[in-house]
Amino acid sequence: MLPETRSDLAAVLTGEHWWRYETPFPHVVAHNVFVPEVYGAIEDSFNRELANGFGTEPGQFTRQFPRDDEAFRLFGSRQWHDLLGEAMGVPGWGDVEAGIHHHEPGAASGFPHNDLNPGWFVGEGTELEVAMPRAEICNFYSGELYAEGYERREMVRSVAMLYYVANPPWSPGDGGETGIYRSASCPIDRPASAIPPVNNSMMLFHCTPYSFHGYMGNNRHPRNSVILWLYVPRAEVADRWGKESIVEWKEAPGNGYAS
Amino acid sequence: MGKGEHRRMERSPRKRVCLLTGAGGAFGSAFCQQLASDYDIVAVHRGAPPQVPTQDQSRIDPLDPRKPLVVNTHRVFAVQADLEDDREIDRVVELALARYERIDLLVNAAVSYSFGPLLGSRRLLDSLEQQFRVNSILPVKMAVTVAERFWQVHDQDNLSENRNVVNLSSTASFTVRADTGGAGYSTSKVALNYLSRFMAQEFKRVGVRVNALAPAAFPTAEVPMRAVLDGVRQLDSGAMTGRILVLDGQGPQLR
């Protein structure tokens with residue numbers, strides 16, 4: 001499942017063209033992304049994670065990416081990283097944060113936000129795989145190091161990916177879409193456009209001060225997705241958008257962090 | 001070669017400019033998908049835009065996103081508007097003229113429908129005004145606005161360019177069947193048929209033809225989408241005015 005070349009990647013994609021939208025901010029929507037056997041393997045892996053239970057969070061969870069899972073390794077491949085960066089015209093630096101996301105039916109809606117958040121990385125990826133956060137060595141949110149001999153680096157999200165998997169069939173009115181907004185003050189139920197949770201479809205966007213999106217909630221069925229971000233150095237984002245545009249994490253009750 | 005002939009020769013390679021309402025619907029999307037190589041289309045949509053390349057959206061090859069794709073060659077000009085607001089009609093026509101400097105064909109395909117009984121429920125009754133506003137009156141407002149802003153001062157060009165209006169009606173306008181619950185939809189299309197005929201009479205003086213296209217429910221095996229699109233092409237390229245082209249699966253018939 002780990003693609004080593006662009007040809008390997010071509011073999012797991014259906015070959016359908018993706019849609020690129022310029023407004024209200026640059027984003028891509030792709031349907032029927034992976035060939036059926038690859039989608040099926042990702043869905044099986046996702047369902048295994050779901051079977052592990054929801055933990056302590058009511059109605060939803062965001063869980064660390066199960067990197068050792070053979071199907072999920074595709075998302076952590078250097079080839080996939082490069083493909084997403086090229087699709088958005090934003091080359092990545094080989095650092096990726098990824099996770100799996102689940103919302104129970106009727107989960108609370110979110111709010112328009114831009115994902116321009118920072119994160120700390122240590123270590124390097126390989127020729128075939130990207131570097132991912134290593135929580136046992138470095139606190140992803142604060143940068144605190146828990147081990148010696150590592151050099152940390154602060155990065156900021158540059159491209160976001162949301163891939164829908166293991167969802168029941170979706171029809172208009174079922175809710176659970178990801179809304180796309182012109183500003184942070186738009187009501188969550190009044191998006192400029194909405195991407196429904198249709199299996200094997202995906203949205204990508206360039207994280208900028210204006211990439212306002214949010215979970216619209218009102219979902220009749222569970223909503224499941226794989227989420228992933230490419231990162232670039234903080235200085236690059238500060239040069240491009242201004243350092244004040246970076247949305248810092250705030251310490252939240254229970255040793256968590258929120259943007 | 002006379003001056004007029006020279007102008008016609010210059011214009012012949014140009015695509016005709018079509019102002020299309022209801023572009024986000026099934027017919028509108030199919031029109032944009034299949035006829036964008038023949039027309040420069042101003043695609044007016046209220047909700048989601050048609051799934052075709054536009055000024056704001058295009059297809060990419062994920063394996064080579066910078067590669068120009070043939071499918072992006074004929075982009076439509078998509079305009080989001082709620083045409084129940086008269087100011088939006090003005091804005092849409094102004095944008096179309098600003099973009100292409102002319103309108104050769106107006107296709108009124110925006111539609112509102114609600115089905116149900118007249119007795120025992122207020123649902124149909126509550127929707128009646130909107131159905132008449134969108135299905136009957138809006139096409140007239142669109143055509144009059146285009147006439148006021150462009151056609152009235154280009155009457156000679158209108159004739160030479162065979163400019164015209166196609167109003168999307170329905171065979172539901174020819175029958176009274178209470179069991180369909182379509183009292184609002186059917187009668188709004190009856191009104192559209194007659195308004196089209198009145199418009200045809202009045203628009204003769206500015207050299208613009210007006211016709212209606214009345215397909216049965218589509219797309220079906222009897223009335224495929226292609227037949228409805230061909231119906232628009234037939235009315236656009238013909239010389240008829242004040243007629244209704246019926247597509248009921250028995251072959252196109254002009255009424």
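What the table below lists for this structure:
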| quantity | calculated |
| --- | --- |
| Global form of the range A:1-128, assessed from the alpha-carbon gyration tensor, a/c cut-off 1.5 | rounded |
| The range B:121-172: C-alpha gyration tensor shape, a/c 1.5 cut-off, then a/b vs b/c | oblate |
| Cα-centred dipole magnitude for the protein assembly as shown, charges only on beta-carbon of K, R (+1) and D, E (-1), debye, nearest 20 | 2660 debye |
| In nm, spacing of pseudo-spin labels at A:ARG6 and A:ALA235 (7 Å Cα→C-beta vector) | 3.0 nm |
| Choice from A:GLU43, A:GLU177, A:GLU148 with maximal GNM fluctuation in chain A (Cα, 10 Å cutoff) | A:GLU148 |
| C-alpha long axis of helix B:86-100 to longest principal axis of chain B, angle in ° | 30 degrees |
| Relative counts (whole %) of C-alpha pair distances in the range A:129-259, using bins that are 5 Å wide | 2, 9, 15, 17, 18, 17, 12, 7, 3, 1, 0 |
| Accessible area (Å², 1.4 Å probe, nearest 10) - A:ILE195 | 10 Å² |
| Heavy-atom accessible area ranking, 1.4 Å probe, most first, across A:ARG234, B:ARG177, A:ARG134 | B:ARG177, A:ARG134, A:ARG234 |
| Cα centroid separation, the range B:180-210 to the range A:174-241 (Å) | 44 Å |
| Residues along the range B:22-68 losing 30 Å² or more of accessible surface when the other protein chains are present rather than the chain by itself (probe 1.4 Å) | B:GLN51, B:ASP56, B:GLN57, B:SER58, B:ARG59, B:ILE60, B:PRO62, B:LEU63, B:PRO65 |
| Helix B:183-203 axis, angle to chain B major axis (alpha carbon atoms, nearest 10°) | 40 degrees |
| Contact order normalised by residue count of the range B:50-142, Cα under 8 Å, 6+ apart, percent | 20 percent |
| Estimated distance in nm for a label pair at B:ALA48 and A:ASP44, the labels positioned 7 Å out from Cα along Cα-to-Cβ | 3.1 nm |
| Two-site FRET efficiency, A:GLU154 against B:SER37, from Cβ-Cβ distance with R₀ of 30 Å, rounded to 0.05 | 0.05 |
| Length-normalised contact order of chain B in % [C-alpha pairs under 8 Å, at least 6 apart] | 15 percent |
| Cα→Cβ-extended label distance, 7 Å offset, between B:ASP86 and A:THR14, nm | 4.7 nm |
| Chain B: most fluctuating residue of B:LEU83, B:LEU124, B:LEU106 per GNM, C-alpha cutoff 10 Å | B:LEU124 |
| Value of D in µm² per second that Stokes-Einstein yields for the range B:70-216, Kirkwood Rh from Cα pairs, at 4 °C (1.567 mPa s) | 79 µm²/s |
| Rel. contact order, % - alpha carbon contacts under 8 angstrom, at least six apart, chain A | 24 percent |
| Of all accessible heavy-atom area on the protein assembly as shown, the percent that carbon and sulfur account for (1.4 Å) | 51 percent |
| Overall form of chain A per C-alpha gyration tensor (a/c, 1.5; a/b vs b/c) | rounded |
| Positive minus negative residues near A:GLY92 (Lys, Arg vs Asp, Glu; Cβ under 14 Å) | -4 |
| Neighbouring partner chain Cβ atoms per residue of A:19-30, average, 10 Å criterion | 3 |
| Among B:PRO215, B:PRO62, B:PRO49, residue whose mean-square fluctuation peaks in a GNM of chain B (springs only between Cα atoms under 10 Å) | B:PRO62 |
| At q = 0.13 Å⁻¹, base-10 log of I(q)/I(0) for the protein assembly as shown (Debye sum, equal scatterers on each alpha carbon) | -1.20 |
| By average C-beta atoms within 10 angstrom, highest first, the peptides A:216-229, B:67-80 | A:216-229, B:67-80 |
| Value of [θ]222 nm, deg cm²/dmol, for chain B, DSSP H segments ≥ 4, -39500 (n - 2.57) each, nearest 500 | -11500 deg cm²/dmol |
| Acute angle (nearest 10 degrees) that the helix B:225-237 long axis makes with the longest principal axis of chain B, alpha-carbon atoms | 60 degrees |
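The values are calculated or read from the model by the stated rules, or taken from the named source; none is laboratory data. Because the structure is a prediction, the values reported are computed rather than measured. Ideal geometry is used to build each Cβ from the backbone, glycine not excepted, and the neighbour counts take in all protein chains shown. Heads up: the accessible areas ignore ligands, DNA and RNA and are worked out on the full protein's heavy atoms, side chains in. Shrake-Rupley method; radii C 1.70, N 1.55, O 1.52, S 1.80 Å.
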